[in-house]
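Have a look at the structure below before the remarks.
The values are calculated or read from the model by the stated rules, or taken from the named source; none is laboratory data. Here the structure is a predicted model, which is why all the values come from computation and not from measurement. With ideal geometry, Cβ positions are generated from the backbone for all residues, glycine too; neighbour counts draw on all protein chains shown. All accessible areas refer to the heavy atoms of the entire protein, side chains included, with ligands and DNA or RNA removed. Shrake-Rupley method; radii C 1.70, N 1.55, O 1.52, S 1.80 Å.
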Amino acid sequence: MHTQGSLSHQVKAYHNWKKELIRQISRYRLWLQDNNLFTDDISQRIRHGLELLIEDELTIAFVGEYSRGKTELINALFFAEFGQRMLPSQAGRTTMCPTELFFDRTENANYLLLLPIETRTEEHSLQELRRQPARWIRHELDQSTPDVMREVLAEVARVKSVTPAEARALGFEEGNLEHDRENPDQVLVPAWRNAQISIRHPLFERGLRILDTPGLNALGSEPELTISMLPAAHAVIFLLSADTGVTASDMTIWKEYIDTRNADHRAGRFAVLNKIDVLW
Ligand SMILES: Nc1nc2c(ncn2[C@@H]2O[C@H](COP(=O)(O)OP(=O)(O)OP(=O)(O)O)[C@@H](O)[C@H]2O)c(=O)[nH]1
Ligand SMILES: [Mg+2]
């Protein structure tokens, strides 16, 4: 657990800062009321401000080419106590869709929500679809049975075999996809467009949200990741790996997805060199 000591400390500080600000705003509201300065307009603004603070989260995105170890790092940071890889991580392309980890304080429950890739052919944005629970496939997650939880979470890496025409209709470029070995005329696309994982974890309970992303090929095919999800992250961890060095596709990710005009330049951007054990 000591690996997340400093992160834990900072998330706690952020949580306490929010709590103190909420307390001060509530005191200000009382003061306004006592002095007959409280109007409907002010009441509404204060309520809106408090709602924003209560819902506010701190998002850290993990971005990089496939197999740099993004998911493995998330497993090590947040799921070490389970003694096994909770999120699927292996050689080759593994994470297939943007995957968000957080704790749903409103519902106070652990779950995995998966949005079928077919929703890409519709007009609805991810933002809109988040407000339509019926469109997502839901699995419950039981933290007391890590083996079962791990099997359920393996779903995140699921691919499906489709014809190249179907893949194009879903917004994928055929050249970026792997062919289905069992059916060479078909290609493999992610089965899901987005995964939402609510897990009771001390840091997630305090408002930390993690965004795990796929490597370049799948990264580019989800426009909302580039337009809204990554620019909205408070910090981006850009993973490089010592076994490959800095490749052309690592640089493409940096230029096209991290160092962009959309990016909020106040956000922290950190390049991390992973797999340094291969140097020994
Ligand atoms: N030697 C070594 N292997 C590592 C390290 N970190 C991750 N790996 C391995 O690298 C492989 C890829 O790791 P993942 O976590 O799946 O990589 P990813 O960046 O999430 O890849 P995608 O999900 O495909 O985008 C796995 O077999 C990991 O076990 C490390 O520090 N050292
Ligand atoms: Mg991964």
Just to be sure, is ASN183 surrounded by fewer than 20 Cβ atoms within 10 Å (Cβ to Cβ), within 16 Å of THR95 (Cβ to Cβ) and modelled with pLDDT under 95?
no
For region 239-254, indicate whether the set of residues that are within 25 Å of TRP192 (Cβ to Cβ), more than 11 Å from ligand 1 (Cβ to nearest atom) and open to solvent by 30 Å² or more (accessible area, probe 1.4 Å) is non-empty.
yes
Scan the helices (runs of 4 or more DSSP H) fully inside region 178-280 and keep the ones with 2 or more residues being within 16 Å of ligand 2 (Cβ to nearest atom).
216-219, 248-253
Examine region 265-272 for a residue that is assigned by TED's automatic domain parsing to the domain that holds LEU113, among the small types (Gly, Ala, Ser) and modelled with pLDDT of 90 or more, and state whether such a residue exists.
yes
Lone qualifier among PRO146, PRO133 - being in contact with a Phe, Trp or Tyr (Cβ under 6 Å, 6 or more places away or on another chain) and more than 19 Å from ARG93 (Cα to Cα):
PRO146
Count of region 136-169 residues which are open to solvent by less than 80 Å² (accessible area, probe 1.4 Å) and basic (Lys, Arg):
1
Every residue from region 70-102 that is over 24 Å from PRO223 (Cα atoms), within 11 Å of ligand 2 (Cβ to nearest atom) and in a helix (DSSP H, G or I)
GLU72, LEU73, ASN75
Members of region 105-115 found to be open to solvent by 30 Å² or more (accessible area, probe 1.4 Å) and within 17 Å of the chain's Cα centre (by Cα), listed by number
ARG105, LEU113
